[in-house]
Amino acid sequence: MEKSMSMAPLLLMVLCLPFALGWHDYNQALSKSILFFEAQRSGYLPHNQRVTWRANSGLNDGKASGVDLVGGYYDAGDNVKFGLPMAFTITMMSWSIIEYGKPMAANGELGHAMEAVKWGTDYLIKAHPEPYVLYGEVGDGNTDHYCWQRPEDMTTDRHAYKIDPSNPGSDLAGETAAAMAAASIVFRRSNPAYSSELLHHAYQLFDFADKYRGKYDSSITVAQKYYRSVSGYNDELLWAAAWLYQASNNQYYLNYLGKNGDSMGGTGWAMTEFGWDVKYAGVQTLVAKFLMQGKAGMHAPVFERYHQKAEHFMCSLIGKGTRNVQKTPGGLMFRQRWNNMQFVTSASFLATVYSDYLASSRGTLRCAAGNVAPTQLISFAKSQVDYLLGDNPRGTSYMVGYGNNFPRQVHHRGSSIVSIKVDSKFIACRQGYAAWYTRKASDPNVLTGAVVGGPDAYDNFADERDNYEQTEPATYNNAPLLGILARLGSGHSGYNQLLP
């Protein structure tokens, strides 16, 4: 840069950007984003439930199949319990706690975050009643989407769908194994018995996933329209192995990553996305961590290939790679029109942990455009979170209840209909559409902490309930955000992320 360059035009430019200099209370955003999970709870609500406009729901789930499937989470604005995104949500919440539990504790939120994980794992344990049986969905999207009802009034079909050896689902079983393994690390100190129970389920589920291979949506076909497994199951098998190794230190899983890295795409797929369907970038990030920790052993050459693909992902985020992610004019990573924010939070989480892994190992990021300091990754994550919280051309916070200007007409059954505690009159299936869905007013219940789908490729956003691509929230939008907010709220990286 020329030293003689005047700072005046630069200063003027900064002052003209209303969204350039926002200051955010990351700790408050963290508290709110954990609260959202309480609004998504299914089953019998506990005495310490803080989202008081919700009540018990789905109390007969699993009964017709002779299994207790009460509990768990509704995934988004509907009342279905989808196993694949729910398990991914638990994995990412757990990873957030594993990496950034200390700042969460300092903020007084660690207990709430662990309760949010346990609400999910308690359900996943019930959904896995036998070694080779896993229930992967309760309710179905078609009948559910025909109705607009509070969960408490639900009259839709609550059929339970499962995978087993003759109807396999390696992606579903693999992701659930990953969730159980990651959560077992979370509870290792505070609840060792529960932790080992989770690890036991994780071992069984990995065995099930690996032995009886198949795509879960070929077995649970009702999931195809909503959570189709486009990437197949190889990424989930590697992802589960990585989490099982991290949870157990069992060499079998490290060897699995080494032996199958090339054939299952772990070292082959150069990705620019990470989410509930495609796990490769997550696997590559974890394996790069094992490599930095000096655990690769004889698998070092293979692990180095995973590592290179992790770096490809990171470089693409910060615009220094061979194929960079698309961004909106306002700077938000853009992947797709429908619920784009899920990719923003997931990618930002990987950038955050990878930045800390590099800093811990005193490494630099090797990009096509040259070597990059780890701090550039954390700056990217911060820019994405700041955009989400309101530093954008519209000045809109895409987290409900954070800031002054946030979505008021969220595409969410529970928040858009008067609370059953305020008006207990039953609301029938189609009645909800007529009386509540089409209302142009704000939701009667504020869905605090929910991260909605977000703006389009040009930073445009319409706050309308029927605009589900932009105004529907989801649990997997929030889960990775917990870790990033805790990290940004702590303000420094004075801890070594590579230590066990």
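Do you know which residues across region 457-484 are farther than 30 Å from Ala113 by Cβ and surrounded by 16 or more Cβ atoms within 10 Å (Cβ to Cβ)?
Correct list: Asp459, Asn467.
List every residue pair whose Cβ atoms lie under 8 Å apart, where the two residues are 6 or more positions apart in sequence or sit on different chains, the first residue falls within region 152-172 and is within 21 Å of Ala55 (Cα to Cα), and the second residue, located anywhere, is of a type in the set (Asp, Glu) and open to solvent by less than 10 Å² (accessible area, probe 1.4 Å).
Correct list of pairs: Thr156/Asp144; Arg158/Asp61.
Would you call Trp95 in contact with a helix residue (DSSP H, G or I) (Cβ under 9 Å, 6 or more places away or on another chain) and under 27 Å from Val446 (Cβ atoms)? Walk me through how you get there before you give the answer.
Values: in contact with a helix residue (DSSP H, G or I) (Cβ under 9 Å, 6 or more places away or on another chain): yes; under 27 Å from Val446 (Cβ atoms): no.
Against the criterion (in contact with a helix residue (DSSP H, G or I) (Cβ under 9 Å, 6 or more places away or on another chain) and under 27 Å from Val446 (Cβ atoms)), Trp95 does not qualify.
Going through Thr143, Thr121 one at a time, which residue ends up being open to solvent by less than 10 Å² (accessible area, probe 1.4 Å), part of a helix (DSSP H, G or I), at negative phi and of a type in the set (Val, Ile, Thr)?
Among Thr143, Thr121, only Thr121 is open to solvent by less than 10 Å² (accessible area, probe 1.4 Å), part of a helix (DSSP H, G or I), at negative phi and of a type in the set (Val, Ile, Thr).
Can you tell me which condition Ser348 does not meet? The list is (1) closer than 30 Å to Thr155 by Cα; (2) open to solvent by less than 10 Å² (accessible area, probe 1.4 Å); (3) in a helix (DSSP H, G or I); (4) of a type outside the set (A, V, I, L, M, F, W, C), and all the others hold.
Evaluating Ser348 over (1) closer than 30 Å to Thr155 by Cα; (2) open to solvent by less than 10 Å² (accessible area, probe 1.4 Å); (3) in a helix (DSSP H, G or I); (4) of a type outside the set (A, V, I, L, M, F, W, C) leaves (1) as the failure.
Residue-by-condition table, conditions (1) crowded, with 16+ Cβ neighbours inside 10 Å; (2) outside any loop (DSSP other than H, G, I, E, B):
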site: Ala288; (1), (2): yes, yes
site: Leu291; (1), (2): yes, yes
site: Lys295; (1), (2): yes, no
site: Val302; (1), (2): yes, yes
site: His307; (1), (2): yes, yes
site: Cys315; (1), (2): yes, yes
site: Gly319; (1), (2): no, no
site: Gly331; (1), (2): yes, no
site: Gln336; (1), (2): no, no
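For region 396-443, which positions are over 17 Å from Gly77 (Cβ atoms), exposed (fewer than 14 other Cβ atoms within 10 Å of the Cβ) and either under 29 Å from the mean Cα position of the chain (by Cα) or among the hydroxyl-bearing types (Ser, Thr, Tyr) (or both)?
The answer is Asn404, Asn405, Ser424.
In region 46-65, which residues are within 22 Å of Glu137 (Cβ to Cβ) and either open to solvent by less than 40 Å² (accessible area, probe 1.4 Å) or of a type outside the set (Ser, Thr, Tyr) (or both)? Give the derivation first.
Taking region 46-65 as the starting set, the residues that turn out to be within 22 Å of Glu137 (Cβ to Cβ) are 54, 56-65.
Selection gives Arg54, Asn56, Ser57, Gly58, Leu59, Asn60, Asp61, Gly62, Lys63, Ala64.
Limited to region 424-438, what total is found for residues that are among the polar types (S, T, N, Q) and closer than 14 Å to Tyr146 by Cα?
Taking region 424-438 as the starting set, the residues that turn out to be among the polar types (S, T, N, Q) are 424, 431, 438.
Of the ones still in play, those that are also closer than 14 Å to Tyr146 by Cα are 431.
Final tally of qualifying residues: 1.
Those residues that are among the aliphatic types (A, V, I, L, M) and open to solvent by less than 20 Å² (accessible area, probe 1.4 Å), I need them from region 363-391; list them, please.
Leu365, Val372, Leu377, Ala381, Val385, Leu388, Leu389
Is there any pair linking a residue in region 397-411 that is on the phi > 0 side of the Ramachandran plot to one that is part of a strand (DSSP E or B), with Cβ under 8 Å and at least six apart or on different chains, and which?
none
The values are calculated or read from the model by the stated rules, or taken from the named source; none is laboratory data. Keep in mind it's a predicted model, so treat the numbers as computed, not measured. Virtual Cβ from ideal backbone geometry, glycine too; neighbours counted across all protein chains shown. Heavy atoms of the whole protein, side chains included, go into the accessibility calculation; ligands, DNA and RNA do not. Shrake-Rupley method; radii C 1.70, N 1.55, O 1.52, S 1.80 Å.
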